[in-house]
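Below you'll find the structure, written out as structure tokens, and then a few comments.
The values are calculated or read from the model by the stated rules, or taken from the named source; none is laboratory data. Quantities reported herein were computed from a predicted structural model and do not represent experimental measurements. Cβ atoms come from the backbone with ideal geometry, glycine included; neighbour counts cover every protein chain shown. To get the accessible areas, we keep the full protein, side chains included, count just its heavy atoms, and leave off ligands, DNA and RNA. Shrake-Rupley method; radii C 1.70, N 1.55, O 1.52, S 1.80 Å.
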Amino acid sequence: PENVTAIASHTSPPLSRELQLQNRFSINQMADNLYLETGAAGGTGSDAASAAAMAAFLSQAGVAPGQIQVDGSGLSPLDQMSASGVVSLLQYAARQPWFSTFKNSLMHINQPKACGFLCPPGWQLALPSGSQIWVKSGSLSNQWNVAGYAKTANGNLVAFAILDDGASTSANTLPSSPVNQMMSEIADWPRVPAIAGRIPPAVSGQMPPHLAGLLSRIPGSGASSSKAVAVVDTVTGQL
């Protein structure tokens, strides 16, 4: 409006710092602000403009259609993202010039000063020698999602996503939890022992058998429970 006078202004920190704060401390309001800013970059910081901007970005990143985002925090039940969609996005990020800044904004497991207060004590794993894990987590009372990167025992960088809807948060924070074991096994790739899985062959056939076995052990059952895991080599694209 023409007759409005600005009486104060605020200069935000660099985006790299904003990402570090968000990815290590999971501030819902900040996540929503960043989401709305994607729409504002095109002229209007509205929900509709932001949804359109994110849909265009996901298409540019090569993420398969069908992903839906309506807020920045991920708290809306209308949000829909598959594990394979998440790893496709992470694989795209790994090829960008800003990847190092993005990866280093994530919680760096086994690095106390770079993990943030959200790191459960059980996450301080005795990882395979030479491996490292960078992640972003998201949890509610009965959901536990974690996604990020692992430098594996054979020197590869893999992106992974573990989406667990139906198990209590406490079930996934212990050192012996299936999610913790899956992250450790991902970092230990390709030295994965063969243990038969107990999930549909169409799914278990696309992942190391031991990961399939761990996935089937996550607590939760019935219509309200769903699990999904995806792991991709960021260089070769092998899923």
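For this structure, a couple of remarks:
- Across all Cα atoms of the range 47-89, the radius of gyration (one decimal) and Dmax (whole number) stand at 9.9, 25 Å.
- Restricting the range 1-48 to GluC sites (Glu not before Pro) that sit in a DSSP loop and have at most 15 other Cβ atoms within 10 Å of their own Cβ leaves E2.
- The convex hull around the C-alpha trace of the range 1-120, projected and averaged over every direction, spans 9.8 square nanometres.
- Probe 1.4 Å, protein heavy atoms only - accessible area per residue of the range 34-85 in square angstrom: 55 Å²
- Rg/Rg_ref, the range 1-53, where Rg_ref = 2.2 N^0.38 Å and atoms are Cα: 1.34
- Each other residue within a Cβ distance under 12 Å of S73 adds +1 if Lys or Arg and -1 if Asp or Glu, for a net charge of -3.
- Estimated FRET transfer efficiency when R0 is 30 angstrom, pair R17-T44 (beta carbons, to 0.05): 0.75
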